[in-house]
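Here the structure is laid out as structure tokens; the discussion comes afterwards.
The values are calculated or read from the model by the stated rules, or taken from the named source; none is laboratory data. The model shown is predicted, which means the values in this text are computed figures rather than measured ones. A quick note on method: Cβ atoms are made from the backbone with ideal geometry, for glycine too, and the neighbour counts reach across all protein chains shown. When the accessible area is computed, the model is the full protein with side chains, heavy atoms only, and any ligands, DNA or RNA have been set aside. Shrake-Rupley method; radii C 1.70, N 1.55, O 1.52, S 1.80 Å.
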Amino acid sequence: MLPEELAALLSELGQPRYRAKQLFSWLSRDAGSFDEMTDLSKELRAALRETCSVYTPKVLRKQISSRDGTIKYLWELEDGNAVETVVMRYRHGNTVCISTQVGCRMGCAFCASTLGGLVRVLRPSEMLSEVLSSERDSGLPISNIVLMGIGEPLDNFDNVIRFLQLINHPQGRNIGMRHISLSTCGLVDGIDRLAELDLQLTLSVSLHAPDDETRSRIMPVNRSCGVGELMDACRRYFEKTQRRISFEYIMIDGVNDSDKQASLLAALVRPIGGHVNLIPLNHVEERALKPSSPERIAAFQKQLEGKGVNVTVRRSLGGDVDASCGQLRRKAERMNS
Ligand code: SAH
């Protein structure tokens with residue numbers, strides 16, 4: 001709940017509305033129970049206990065990478081479902097990568113998160129808890145958030161927007177929109193709705209192929225809405241928000257890493273000043289796809305740069321704790337079944 005909603009609730013409970021600010025601040029600090037909120041009166045705490053609940057997820061598993069200190073949490077939610085959150089330590093600050101759904105229904109051919117389909121969407125409070133509980137448990141202050149864990153954020157649009165309002169609120173955790181990235185497989189309606197809100201967050205689009213034939217093969221979402229329509233939506237987004245879009249591009253051996261595809265990709269992203277982030281494919285046990293060789297990735301990068309495109313190659317963190325893209329949650333599920 002946002003402070004103004006808490007104020008309305010408090011007045012319904014016959015309690016002073018001005019306590020909403022304090023209550024919101026406690027909830028933004030991952031308070032596990034109303035009893036922890038010691039600066040609220042005993043009567044107020046009792047009234048809240050009777051009518052409301054606060055819930056913080058339990059740590060089911062926590063793994064720390066011995067290579068780079070990346071921490072992967074497996075959280076148990078109230079209904080027994082589990083989602084993962086990853087905390088990465090970068091020089092520019094600690095970044096948390098959160099899940100937005102339990103499972104995913106997008107069906108991308110390279111991704112482990114979608115193997116069991118979509119179980120349910122996450123509530124705003126559950127996404128908030130991923131950030132706050134990771135911060136509290138790890139003791140690492142979080143400065144950046146990426147919505148790049150399990151799930152498709154724009155397939156859970158309203159809850160994701162509410163989560164952003166909660167985490168960004170000046171009376172709460174107050175993480176600036178410019179420190180938040182949202183990654184989508186390319187839901188055009190969602191991109192248009194997001195553009196309307198004109199938030200200052202960074203939009204990342206998982207493009208992964210510049211031609212419909214290849215993209216439809218590895219990303220079913222492309223079959224109903226092709227590359228042309230997606231790029232049109234990206235242009236509208238850029239024009240409305242003036243925020244440069246980041247295009248994610250997984251490098252898959254012999255699938256999307258040819259010279260011709262590099263040229264096509266450059267022609268798509270250059271007109272809107274897009275940034276390309278090349279990601280070496282992380283091998284997923286259930287998938288036959290292989291990563292491109294480092295030499296191929298370097299050549300692809302060079303070709304894009306030659307055409308005036310801004311490119312980076314993503315550094316992989318947390319490989320030894322299965323925290324890399326697309327690998328979340330599956331192992332635990334397999335171990336439990
Ligand atoms: N559904 C959103 C966000 C979650 S996935 C999206 O599609 O963008 C976050 C990123 O990890 C996406 O770019 C996704 O394509 C990528 N990814 C999925 N599986 C991967 C794998 N096996 N190796 C590398 N990146 C992968």
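Here the peptides 32-41, 6-15, 262-271 are ranked by packing, the mean other Cβ count within 10 Å, and the order with the highest first is 262-271, 6-15, 32-41. Our summary gives the stretch 161-292 a relative contact order of 22 percent, counting only alpha carbon pairs under 8 angstrom and 6 or more residues apart.
Sparse packing (at most 13 other Cβ atoms within 10 Å of the Cβ) combined with a DSSP loop state is found for the following trypsin sites (Lys or Arg not before Pro) in the stretch 89-186: Arg91.
Kirkwood hydrodynamic radius computed over the stretch 59-215 comes to 16.1 Å, based on all pairs of distinct alpha carbons.
Suppose R0 equals 25 Å. What FRET efficiency, 1/(1 + (r/R0)^6) with r the Cβ-Cβ distance, do Gln171 and Arg193 give to the nearest 0.05?
Efficiency computed from Cβ-Cβ geometry: 0.45.
Placing R0 at 25 angstrom, the Cβ-Cβ distance between Ser33 and Glu76 gives a FRET efficiency of 0.90 after rounding to 0.05. Dividing the C-alpha radius of gyration of the stretch 180-227 by 2.2 N^0.38 Å, with N its residue count, gives 1.22. The charge dipole of the chain, taken about the Cα centre with unit charges on the Cβ atoms of Lys, Arg (+1) and Asp, Glu (-1), comes to about 700 debye, rounded to the nearest 20.
Highest average first, the peptides 286-294, 164-172 ordered by how many other beta carbon atoms sit within 10 Å of their residues are 164-172, 286-294. Where the alpha-carbon atoms of the chain are placed on the principal axes, they occupy 69, 45, 37 Å, in descending order.
Using every pair of distinct Cα positions in the stretch 127-202, the Kirkwood expression returns a hydrodynamic radius of 13.0 angstrom. How far is helix 259-269 tilted off the main Cα axis of the chain, in degrees rounded to 10, range 0 to 90? Here the helix axis deviates by roughly 50 degrees. In degrees between 0 and 90, to the nearest 10, how far off the longest principal axis of the chain does helix 227-241 point, with axes built from Cα atoms? The helix 227-241 is inclined about 50 degrees to the chain. Cross-link partners for Lys307 among the lysines, with Cα-Cα distance under 17 Å and sequence neighbours closer than 8 places in the same chain left out: Lys260.
Measuring nothing but how far apart in sequence close Cα pairs (under 8 Å, 6+ apart) lie, relative to its length, the stretch 88-147 scores a relative contact order of 44 percent. Rounded to the nearest 500, the helix-only mean residue ellipticity at 222 nm of the chain stands at -10500 deg cm²/dmol, with each DSSP H run of n ≥ 4 adding -39,500 (n - 2.57). On the principal axes of its alpha-carbon atoms, the stretch 1-141 has extents of 54, 34, 25 Å, going from largest to smallest. Put a dot 7 Å past the Cα of Lys58, heading toward its Cβ, do the same for Cys225, and the two dots end up 3.9 nm apart. Result for the chain in a Gaussian network model with C-alpha springs under 10 Å: among Ser183, Ser206, Ser224, the largest mean-square fluctuation is at Ser224.
Look at the alpha carbon pairs under 8 Å that are at least 6 residues apart: their mean separation over the length of the chain gives a relative contact order of 15 percent. How many angstrom lie between the Cα centre of the stretch 1-77 and the Cα centre of the stretch 274-296? What the calculation gives is 40 Å, centre to centre.
If one takes the longest principal axis of the Cα atoms in the chain, at what angle in degrees, from 0 to 90 and to the nearest 10, does the Cα axis of helix 124-138 lie? The angle comes out near 90 degrees. Think of a 1.4 Å ball rolled over the protein heavy atoms: the chain then has 44 Å² of accessible area per residue.
For the stretch 237-268 and the stretch 152-228, what is the separation of their Cα centres, given in Å? For the stretch 237-268 versus the stretch 152-228, the Cα centre distance is 16 Å. For Lys58, a cut-off of 30 angstrom between C-alpha atoms picks up these lysines, skipping any fewer than 8 places away in its own chain: Lys21, Lys42, Lys72, Lys331. Comparing Leu207, Leu140, Leu122 in a Gaussian network model of the chain, where Cα atoms under 10 Å apart are tied by springs, the biggest mean-square fluctuation is seen for Leu140. Partners of Lys240 within straight-line reach, counting aspartates and glutamates whose Cα lies under 12 Å from its Cα and excluding those fewer than 8 residues away in the same chain: Asp192, Glu196, Asp198. Histogrammed with a bin width of 5 Å, the alpha carbon distances of the stretch 172-255 distribute as 3, 14, 25, 22, 16, 11, 5, 2, 1, 0 percent, first bin at zero.
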